[in-house]
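**Q** Pasting a structure below so you can have a look.
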Amino acid sequence: MIIGEFCDVYPPHLDGVGMVVRSYAQELSKTQEACYYVAPKNSAKKFPGGGDGFPVIRYASLPIPNEAYRLGLPAVDLSYQLDLRKIRFDVVHAHTPFTAGTEAQRIAAERGIPIVGTFHSKYYDDVYQKTHSDVITKAVVNLIVSFYEHCDEVWTVNEATADVLRGYGYRGEIVIMPNGTNLWYPTPEDAKRAQERFGLGDGSVFLFVGQQNFKKNTDSILKAAALFKQTGANFKIVFAGQGPDAEKMHALSEELGLTEQAVFTGHLSDREALMGLYARADVFVFPSLYDTAGLVSAKRRRRGRRAS
């Protein structure tokens with residue numbers, strides 16, 4: 001079976017959905033004839049495509065101002081279209097209702113193959129944050145609902161996410177398909193390497209992993225850390241990831257007097273380095289009210305069970 005996993009992001013600009021798609025492509029490529037990761041091109045030279053154990057096909061795109069995401073242009077990319085003709089997909093899986101998702105629907109309709117659509121995110125919140133318009137946001141949400149109504153099967157990662165989609169107006173059947181977790185068992189050496197690499201010292205370590213975006217409630221983490229500092233505690237608060245509010249978070253940490261306590265690692269493509277931070281951290285902090293199924297919190301729970 002040949003599968004196409006369609007996503008709006010590609011390394012190094014991965015969000016949680018991108019991580020899920022990469023895992024699908026990696027694991028399904030081990031058991032199926034092929035599983036393609038299909039996404040827009042980006043400007044990163046380090047990740048030209050492939051190299052992760054699965055085939056990749058990408059199409060032309062344009063940058064979106066103030067966003068890590070890009071506007072995909074599959075219809076005008078002749079090279080992509082020629083590559084696409086050589087691939088005999090048996091099923092396509094859309095992880096977005098936007099450019100990559102509509103491209104997956106086009107392919108499914110043209111070739112008479114099934115399409116699975118996974119609903120991942122609280123799109124209403126995202127659109128309203130950008131437009132501050134109920135009218136525009138509701139119009140976009142209606143288009144999103146229409147997208148899923150035209151899928152052969154609709155998945156969500158948990159029942160709470162299914163409730164979000166139903167709240168948008170979707171009335172079809174929903175299959176609950178949880179995200180998996182790659183099990184990893186920490187060692188004292190993992191923690192020591194992270195401590196040395198990131199200068200964490202011997203105090204308490206608090207860890208946040210994810211987009212540096214205020215919609216993740218990251219400002220509350222910094223404000224809480226500032227209060228904790230007043231107790232005289234010896235600690236570090238580590239932010240692993242990148243995002244649109246990175247500069248604002250740096251500025252807020254300085255404003256709150258956390259220059260010595262806050263550690264910003266940027267995006268970590270080295271999984272071992274990230275896992276080392278999980279091993280060293282005493283507390284994982286993830287106060288997001290936005291996320292539907294945070295992969296990072298799932299990893300922490302798995303690690304905690306084993307470590308205990």
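**Q** For 6, 98, 264, what's the largest-to-smallest order of accessible area, 1.4 Å probe?
**A** Correct descending sequence by accessible area is 98, 264, 6.
**Q** Once label points are set 7 Å from the Cα along Cα→Cβ at both residue 27 and residue 150, what is their separation, rounded to one decimal in nm?
**A** So the label points at residue 27 and residue 150 sit 3.0 nm apart.
**Q** To continue, here is another question. My understanding is that a pair violates if its Cα-Cα distance is over 23 Å; which of 130/216; 130/215; 41/122 do that in this structure?
**A** Going by Cα-Cα distance, 41/122 fall outside the 23 Å limit.
**Q** Considering only protein heavy atoms and a probe of 1.4 Å, how much of the accessible area of the chain is carbon and sulfur, as a whole percent?
**A** Heavy-atom surface of the chain belonging to carbon and sulfur, 1.4 Å probe: 53 percent.
**Q** Also: Subtract the Cα-Cα distance of residue 204 and residue 189 from 0.36 nm times their separation in residues, and report this length gain in nm to one decimal.
**A** Contour length minus Cα-Cα distance gives 3.7 nm.
**Q** For a distance above 17 Å, tell me the whole-number percent of Cα pairs in the stretch 104-170 that qualify.
**A** 46
**Q** Now a separate question. By Kyte-Doolittle mean hydropathy of at least -1.0 and Cα axial length of at least 20 Å, which whole DSSP H helices of the chain are selected?
**A** Answer set is 16-31, 134-149.
**Q** Hey, can you find the accessible area per residue of the chain for me, probe 1.4 Å, expressed in square angstrom?
**A** The answer is 50 Å² per residue.
**Q** Using alpha carbons only, what's the Rg to Rh ratio of the stretch 37-196 with Rh from Kirkwood?
**A** Rounded to two decimals, Rg/Rh equals 1.02.
**Q** Taking the convex hull of the Cα atoms, report for the chain its projected area averaged over all directions, in nm².
**A** 17.1
**Q** Could you calculate the FRET efficiency of residue 234 with residue 130 from 1/(1 + (r/R0)^6), where r is the beta carbon distance between them and R0 is 35 Å, rounded to 0.05?
**A** 0.30
**Q** Using Cα pairs under 8 angstrom and six or more residues apart, how large is the relative contact order of the chain, in percent?
**A** Relative contact order for the chain comes out at 15 percent.
**Q** Would you pull out the residues with amide H under 5 Å of residue 91's amide H, same chain only if 5 or more places away, H placed 1.01 Å from N?
**A** Placed amide hydrogens put 2, 4 under 5 Å from residue 91.
**Q** Which net charge results for the neighbourhood of residue 70, defined as the other residues with beta-carbon distances under 9 angstrom from its beta-carbon, given Lys and Arg at +1 and Asp and Glu at -1?
**A** Here the charged neighbours net out to -1.
**Q** Once label points are set 7 Å from the Cα along Cα→Cβ at both residue 272 and residue 223, what is their separation, rounded to one decimal in nm?
**A** Label-label distance for residue 272 and residue 223, simple model: 4.0 nm.
The values are calculated or read from the model by the stated rules, or taken from the named source; none is laboratory data. Since we're looking at a predicted model, the values are computed, not measured. So basically every Cβ, Gly included, is an ideal-geometry build from the backbone, and we count neighbours across all protein chains shown. Heavy atoms of the whole protein, side chains included, go into the accessibility calculation; ligands, DNA and RNA do not. Shrake-Rupley method; radii C 1.70, N 1.55, O 1.52, S 1.80 Å.
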